[in-house]
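**Q** Dropping a structure here in structure tokens format, bear with me for questions.
The values are calculated or read from the model by the stated rules, or taken from the named source; none is laboratory data. This is a predicted model, so every value here is computed, not measured. A quick note on method: Cβ atoms are made from the backbone with ideal geometry, for glycine too, and the neighbour counts reach across all protein chains shown.
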Amino acid sequence: MEKYSFYMRNHNAYSLAPVLDNVVRIRYNGTGVFKQSLMERYDIIETNLSKTASTLIDADNSKIITSGNLEIQINEDASFSVKHNEKIIIKNLMPFHPQEDIGVGGKIIVSENERFYGCGYRPQKGIELRKQIIKNWCAPVTNNGPSTFFMSSDGWGLFWNNTCETFFDFANKEENKLVFWSEDGEFDIFIFAGDFKKMITDFTSITGKPSLMPLNGYGITVVNNESENEISLIDKAERLRREKIPCDNFSISCEWMSTYYDKSVNQQFNTSRYFVHDWMHEHNTFIATLKHFGIKSTLWTPCEYDLTHEQERRYFKKHPENIKTPLYDRAVRKDNNSDMSIDANSKLFRDDNLFPTVRHDPYTIPEEPWFEHFKRFFDLGIVGLAEDGHRVEITKLDHFYANGYSYKYMHNLNQTLNSLQYFEGYKEYTGKRIFVRTPSTFIGHQKYCGTWCGDTTSDTSLVGLMQYSFQGQSNVTADMISNNPEQIHAGMFMPWVLNFCWGHPVWPWMLDDELRDIYVYYAKLRYSLMPYIYTAAYNSHLSGIPMCSAMIINYPDDQRFYDNYNQYMFGDNILVGSLSDEIHLPEGKWIDYWTGKEYEGMITLSNAYPKDKGGYLFIRKGSIIPFWENVQYVGEKPVETMTIKIYPETEGEYILYEDDGISFDFENGVYAKTRFSYTCSGDKIKVCIDEKEGEYKLPTNREYHMEVYTDKPISLPDNAIYDNNKKAICFTLSSGKELTIG
């Protein structure tokens, strides 16, 4: 990768490096020494991606660097502008001069009608950022998911590689000026160009694509009430199955621990509630009994551990060439059994003679990774964790971590390191994907774990779902409290479902009869859509575009979506409207899933969903949607039949993705991709199913029940019927077969 470094007349230095065709990294400081950042050190970001040819022209009053589709002109006063495909996208960006001692950051001149999206999740009304000042410092509820990445409606984006507390002023204090600032860190930014989808794809190429969670993670998870015990949980699992109500996971709240909110490595089950002892094995605990009913168990846990001991070990294991002998034995405490070593000449060096140090916490065992003490719970059959973010607000400015950095450098980054170590630790220990969720996130979190929008209200949770979509975070949900149909509708159409029974139990049978029926209907619909949902999750894992994405990402020129968060695309072909009486249909044709009625786009509907439903659900005309037959949990039975619903227009295709739902074998080709397609010609419709691609074995002789939603044709093949109630042509096909109708 080419890098261009040079000094300006003000004696400050620039370093520019191409990253992708539409991304360039720009660094600026007063020394000319550009060190590896923490996020690079810990492989949270990848910067060595470029194969792009670049050039430097040293003009009289400026330097011009061309890289891929970008041209960066750096002027004598150290300001710079950026062109993308010959169009100016950043008119003037002026970095703060390091010698001015006012912190680090920059000012950007922005256009009058420019809009901004991103900077992570914080509860607010709306998703557009202009006239707002954003603080990026992780805190429960008020700032669950800070991020230093945002995008402009003028076709550019900016990611600031800075883990410290940062501020973004989107033309609030100064009209037409965007200011980003921090007291700490460095001027280390990535400039992006393109439309929203392109920038999100490039951003997740640098920070990581969303993880593909276990298949059961996309089902329904119930957070149990704190008063529960193993008998009450078993009773509820039995009742779910007896009443045929789908559910996959129980999230066991923190009262499972003998010491409430125990943050040490000595967490044990509270045996008066959960009879689990050290001598027990997986088969003789309540966990095994729940598994008998198809319920997987996860544990809530808090963490205040110093994760950098393990992160440094991982770094030096990958980069043994960087191990150096410490210059001073007293400066670094090094375990003889560890391959961790710290360079005494770097920022990681700490000398106890300089000023007092305070140990980060009373729990950390330097030679033991935080993940290590969870192994005994995984041996008992626990399949996931729920990290509780209630302690992230604690500020320890006088504390330093094992890597030598202070709390102000590590506080935000800890949210990602926590998820990283759960993900990698479980993968190394079991070879499987872990189902972990944390309410507190930062850059890179999406490639390890899911999240939920914390203790927020329903409408701000929808804002969070949309805000996270600008960051490439796909595996997002919110607390679903089943008080009314609208809450159920919103909760069931998120990437995964979190039925929140912690504060007050709202199990389905505790609802009134009408609401219970609505809950069960939505739960069954959710599980019938699992092949569509899992395929959408896989596509997100490849592209970086979240499965639930804000309308402005998909329709950037539609003014109705500039600040809309009550509707979103659920995968590529389903449109969801939640917690609003209105829905704006985009361009194209849309079919109301509840009524079957077809609408031409670019209209707004009001009070148009049925009274026994909780919101809007539309299918894009031309789509193909796969459905499972009725199941109560993932893995209940082999998927030997599947219903494929086709809403034909001229032609269309859909590629269904399947794998074992738990291992990483899919990364080595052990998956199945089945292509469904149709073409319409005159009065004829030709439907095809290709032979599956990939090494994952599907059930032998699987049949696909095809439903083509169209008017009754003049003639039908012998093996097809027309269902007048569904208004669909129905027939059965298998892989490698086709059928022409009409």
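**Q** Can you confirm whether GLU703 is more than 22 Å from LYS432 (Cα to Cα) and over 27 Å from the mean Cα position of the chain (by Cα)?
**A** When the stated conditions are applied, GLU703 passes them.
**Q** I want to confirm something. Restricting to region 216-236 and keeping residues that are surrounded by fewer than 22 Cβ atoms within 10 Å (Cβ to Cβ) and aliphatic (A, V, I, L, M), which single residue is nearest to THR477 (Cα to Cα)?
**A** ILE234
**Q** Separate question: Look at THR221 and say whether it is farther than 30 Å from GLY30 by Cβ, touching a Gly at 6+ places or on another chain (Cβ under 7 Å) and of a type in the set (S, T, N, Q).
**A** no
**Q** Across region 78-133, what is the number of residues that are more than 27 Å from the chain's Cα centre (by Cα) and either of a type outside the set (S, T, N, Q) or within 30 Å of VAL463 (Cβ to Cβ) (or both)?
**A** Going through region 78-133 one residue at a time, the tally reaches 31.
**Q** Shifting gears a bit: How many residues does region 1-25 contain that are within 27 Å of the chain's Cα centre (by Cα) and either in a loop (DSSP other than H, G, I, E, B) or aromatic (Phe, Trp, Tyr) (or both)?
**A** The total comes to 2.
**Q** Moving on to the next point. Exactly one of (1) assigned to a strand (DSSP E or B); (2) surrounded by 15 or more Cβ atoms within 10 Å (Cβ to Cβ); (3) of a type in the set (S, T, N, Q) is unmet by GLN632. Its number?
**A** Tallying (1) assigned to a strand (DSSP E or B); (2) surrounded by 15 or more Cβ atoms within 10 Å (Cβ to Cβ); (3) of a type in the set (S, T, N, Q), GLN632 fails exactly one: (1).
To keep it simple, each residue is scored yes or no on (1) over 17 Å from VAL222 (Cα atoms); (2) under 24 Å from the mean Cα position of the chain (by Cα); (3) hydroxyl-bearing (Ser, Thr, Tyr); (4) modelled with pLDDT of 95 or more.
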{"residue": "SER469", "(1), (2), (3), (4)": "yes, yes, yes, yes"}
{"residue": "PRO485", "(1), (2), (3), (4)": "yes, no, no, yes"}
{"residue": "VAL506", "(1), (2), (3), (4)": "no, no, no, no"}
{"residue": "ARG516", "(1), (2), (3), (4)": "no, no, no, yes"}
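**Q** Taking region 221-247 as the search range and keeping residues that are under 30 Å from THR271 (Cβ atoms), in a loop (DSSP other than H, G, I, E, B) and of a type in the set (D, E, K, R), which one is modelled with the lowest pLDDT?
**A** The residue in question is GLU226.
**Q** Now, a different point. Under 6 Å between Cβ atoms, which residue pairs at least 6 apart in sequence (or on different chains) link something in region 260-288 that is within 17 Å of ILE231 (Cβ to Cβ) with a partner that is among the charged types (D, E, K, R)?
**A** Within 6 Å, the pairs are TYR274/GLU230; PHE286/GLU230; ALA288/GLU282.
**Q** Do the conditions hold for LEU525, that is, is it touching a helix residue (DSSP H, G or I) at 6+ places or on another chain (Cβ under 9 Å), outside the structural domain of TYR647 (by TED's automatic domain parsing), surrounded by fewer than 20 Cβ atoms within 10 Å (Cβ to Cβ) and among the hydrophobic types (A, V, I, L, M, F, W, C)?
**A** yes
**Q** Sticking with this structure for a sec: Any residue that is part of a loop (DSSP other than H, G, I, E, B) and surrounded by fewer than 16 Cβ atoms within 10 Å (Cβ to Cβ) - is there at least one of those in region 295-316?
**A** no
**Q** So ILE64 fits all but one of (1) surrounded by fewer than 19 Cβ atoms within 10 Å (Cβ to Cβ); (2) assigned to a loop (DSSP other than H, G, I, E, B); what number is the exception?
**A** Among (1) surrounded by fewer than 19 Cβ atoms within 10 Å (Cβ to Cβ); (2) assigned to a loop (DSSP other than H, G, I, E, B), the lone unmet condition for ILE64 is (2).
**Q** Sort out which residues of region 580-630 are touching a residue at least 60 places away in the same chain (Cβ under 8 Å) and basic (Lys, Arg), and write them in order of number.
**A** Of everything in region 580-630, those that are touching a residue at least 60 places away in the same chain (Cβ under 8 Å) and basic (Lys, Arg) turn out to be LYS589, LYS613.
**Q** Something else now. State whether the residues of region 542-552 include one that is buried (at least 24 other Cβ atoms within 10 Å of the Cβ), touching a residue at least 40 places away in the same chain (Cβ under 8 Å) and more than 26 Å from TYR448 (Cβ to Cβ).
**A** yes
Let's see how each residue does on (1) surrounded by fewer than 19 Cβ atoms within 10 Å (Cβ to Cβ); (2) not aromatic (Phe, Trp, Tyr):
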{"residue": "PHE6", "(1), (2)": "yes, no"}
{"residue": "ASN10", "(1), (2)": "yes, yes"}
{"residue": "GLN36", "(1), (2)": "yes, yes"}
{"residue": "GLU40", "(1), (2)": "yes, yes"}
{"residue": "GLU46", "(1), (2)": "yes, yes"}
{"residue": "SER50", "(1), (2)": "no, yes"}
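**Q** If a residue must be in contact with a Phe, Trp or Tyr (Cβ under 9 Å, 6 or more places away or on another chain), of a type outside the set (A, V, I, L, M, F, W, C) and not in a loop (DSSP other than H, G, I, E, B), how many such residues does region 708-730 contain?
**A** 1
**Q** If we keep just the residues of region 162-220 that are among the charged types (D, E, K, R) and not in a loop (DSSP other than H, G, I, E, B), which is farthest from the chain's Cα centre (by Cα)?
**A** My answer is LYS177.
**Q** Restricting region 647-670 to residues that are in contact with a Pro (Cβ under 9 Å, 6 or more places away or on another chain) and part of a loop (DSSP other than H, G, I, E, B), which is surrounded by the fewest Cβ atoms within 10 Å (Cβ to Cβ)?
**A** GLY661
**Q** As an exercise: evaluate TYR28 against (1) crowded, with 21+ Cβ neighbours inside 10 Å; (2) not in a strand (DSSP E or B) and give the number of the one condition it does not meet.
**A** With respect to (1) crowded, with 21+ Cβ neighbours inside 10 Å; (2) not in a strand (DSSP E or B), TYR28 is out only on (2).
**Q** For region 75-131, name all the residues that are part of a loop (DSSP other than H, G, I, E, B) and either touching a His at 6+ places or on another chain (Cβ under 6 Å) or among the acidic types (Asp, Glu) (or both).
**A** Of everything in region 75-131, those that are part of a loop (DSSP other than H, G, I, E, B) and either touching a His at 6+ places or on another chain (Cβ under 6 Å) or among the acidic types (Asp, Glu) (or both) turn out to be GLU76, ASP77, GLU86, ASP101, GLU112, GLU114, GLU128.
**Q** Still on this model: If THR142 satisfies all but one of (1) touching a residue at least 40 places away in the same chain (Cβ under 8 Å); (2) within 24 Å of the chain's Cα centre (by Cα), what's the number of the condition it fails?
**A** Of the numbered conditions (1) touching a residue at least 40 places away in the same chain (Cβ under 8 Å); (2) within 24 Å of the chain's Cα centre (by Cα), the odd one out for THR142 is (1).
**Q** With the requirement that a residue be charged (D, E, K, R), assigned to a helix (DSSP H, G or I) and out of contact with any Asp or Glu (no Cβ under 7 Å at 6 or more places or on another chain), what does region 258-294 give you?
**A** If the condition is that a residue be charged (D, E, K, R), assigned to a helix (DSSP H, G or I) and out of contact with any Asp or Glu (no Cβ under 7 Å at 6 or more places or on another chain), then LYS291 is the only one that fits.
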